[in-house]
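Remarks on the structure that follows.
The values are calculated or read from the model by the stated rules, or taken from the named source; none is laboratory data. Values in this document were obtained by computation on a predicted structure and should not be read as measured data. Cβ sites come from the backbone with ideal geometry, for glycine too, and all protein chains shown count toward neighbours. All accessible areas refer to the heavy atoms of the entire protein, side chains included, with ligands and DNA or RNA removed. Shrake-Rupley method; radii C 1.70, N 1.55, O 1.52, S 1.80 Å.
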Amino acid sequence: MSGAAHNPGADLLIPADTPLHRAAPQCKVAATALCILLVACTPRDTYWPYLGYALVLATAAYVAQIPAATLLRRLVVEIPFVFFVILLPFLATGEKIHVLGVPLAVAGLHSAAAIVLKASFGLLATGVLAATTPLPEVITGLERLKVPKIFTAVASFMIRYVEVLNSELNRLRTARACRGADPRWLWQAKDMALCVGALFVRAFERGERVYLAMASRGYEGSLPATLTGEPAKPKTWAAALTIPAIFAVLTATAWATA
């Protein structure tokens, strides 16, 4: 098994010795969740708060020594969803404007812009969290926030085995390439579907083997406590909640002036 599987999420972490890296994981998880919620609550047709969000996140990234290019590169994961958002100006009804002779609904444009902005800033916030907090510590933070054990257990298994499944997928791709398959072309979608099906079967079989191994070692449906470190001090909480507090002021002002 590769080293990444032993240290899940290592490719997301940017090692450094900064206040954000040293902060308690539960504080960072709570602050990130609040920031994402407040960004989601921003009025649809109001855009100036995003400048404030960007400034705050840029400051946090600077303090954490996260390269801007690295953080922006991680926004690539939302590109597939943007293609669906592009359709909104064409499908929405109401007042329309013409761009290069193409009629676009104003309401659809506002909706598309709001969705892209909220998704992007949510990804940026989680990107800062992932760059400053190892994934096992994120799980510890969730446990300290009293998240139900069933969710933290599922998340722990997912984090541990996503690299294993990725390695399995790479082996399947190598085997297909050795047989002359080339998944770059649309007419070879059948080969890709067969690859995904084989990966599902292998993942299911591996899951059964892992469960049987755990059951033989006394697993009865719940994992032992994995809490590490000490509870966060009040001043640590106060410092961590400074960022969502600024977000809350921006969101509340946006609603008051909308």
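Return the long-range amide H neighbours of Lys96 (sequence gap of 5 or more, or a different chain), with a cut-off of under 5 Å between placed amide H atoms.
Long-range HN contacts for Lys96: Val106.
Hey, rough spin-label estimate for Ile150 and Leu91, points 7 angstrom out along Cα→Cβ, what's it come to in nanometres?
Those two pseudo-labels are separated by 3.2 nm.
Report Trp255's accessible area, 1.4 Å probe, all protein chains in place, as a number in Å² to the nearest 10.
Accessible surface of Trp255 is approximately 150 Å².
Within the accessible area of the chain, what % is carbon and sulfur when the probe is 1.4 Å and the other protein chains stay in place?
Carbon and sulfur together cover 70 percent of it.
Counting only trypsin sites (Lys or Arg not before Pro) that are in a DSSP loop and have at most 11 other C-beta atoms within 10 Å, tell me the longest site-free stretch of the chain.
For trypsin sites (Lys or Arg not before Pro) (loop position, at most 11 other Cβ atoms within 10 Å), the longest site-free span of the chain is 1-145.
If I stretch the segment between Phe84 and Met158 completely, what's the gain in nm (0.36 nm per residue apart, minus their alpha carbon distance), one decimal?
Length difference between fully extended and current span is 23.9 nm.
Provide the convex hull volume over Cα atoms per residue for the chain, in Å³.
Residue-normalised Cα hull volume stands at 193 Å³.
Show me the helices of the chain, taken as full DSSP H stretches, that run 18 Å or more along their long axis by Cα and average 1.6 or above in Kyte-Doolittle hydropathy.
Sorted by number, the helices that extend far enough and score high enough are 25-40.
Accessible area per residue of the chain at 1.4 Å probe, in Å²?
Counting only protein heavy atoms, the per-residue value for the chain is 62 Å².
Under a Cβ-Cβ cut-off of 12 Å, what is the net charge of the residues other than Ala203 that fall near it, where Lys and Arg count +1 and Asp and Glu count -1?
Once all neighbours under 12 Å are counted, the net charge is 0.
For region 46-185, compute Rg over Rh where Rg is the Cα radius of gyration and Rh is the Kirkwood radius from the inverse mean 1/r over Cα pairs.
Dividing the radius of gyration by the Kirkwood radius yields 1.08.
Just to be sure I follow the rule: in the chain, considering lysines 8 or more places apart or on different chains, how many pairs have Cα atoms under 18 Å apart?
Numbers: Lys28/Lys146; Lys28/Lys233; Lys28/Lys235; Lys146/Lys233.
For the chain, qualifying lysine pairs total 4.
Can you list the chymotrypsin sites (Phe, Trp or Tyr not before Pro) in region 22-56 that are in a DSSP coil and have 15 or fewer other beta carbons within 10 angstrom?
Sparse-neighbourhood loop chymotrypsin sites (Phe, Trp or Tyr not before Pro): Tyr47.
Compare the Cα positions of Met158, Leu88, Thr18 along the charge dipole of the chain (+1 at Cβ of Lys, Arg; -1 at Cβ of Asp, Glu; about the Cα centre) and return the one farthest towards the positive end.
Of the candidates, Met158 comes out farthest on the positive side.
Considering only the other residues whose Cβ falls under 12 Å of the Cβ of Lys28, what net charge follows from Lys and Arg at +1 and Asp and Glu at -1?
Combined, the nearby Lys, Arg, Asp and Glu give +1.
With labels modelled as points extended 7 Å from the Cα through the Cβ direction, what inter-label distance (nm, one decimal) is found for Asp45 paired with Val196?
Here the answer is 3.9 nm between the modelled labels.
Extending each Cα 7 Å along its Cβ direction at Ala258 and Leu55, get the distance between those two points in nm, one decimal.
Going from the Ala258 label point to the Leu55 one covers 2.2 nm.
Please give the contour-minus-distance gain from Leu72 to His98: 0.36 nm per residue of separation, less the Cα-Cα distance, rounded to one decimal in nm.
Once the chain is fully extended between Leu72 and His98, it gains 6.2 nm.
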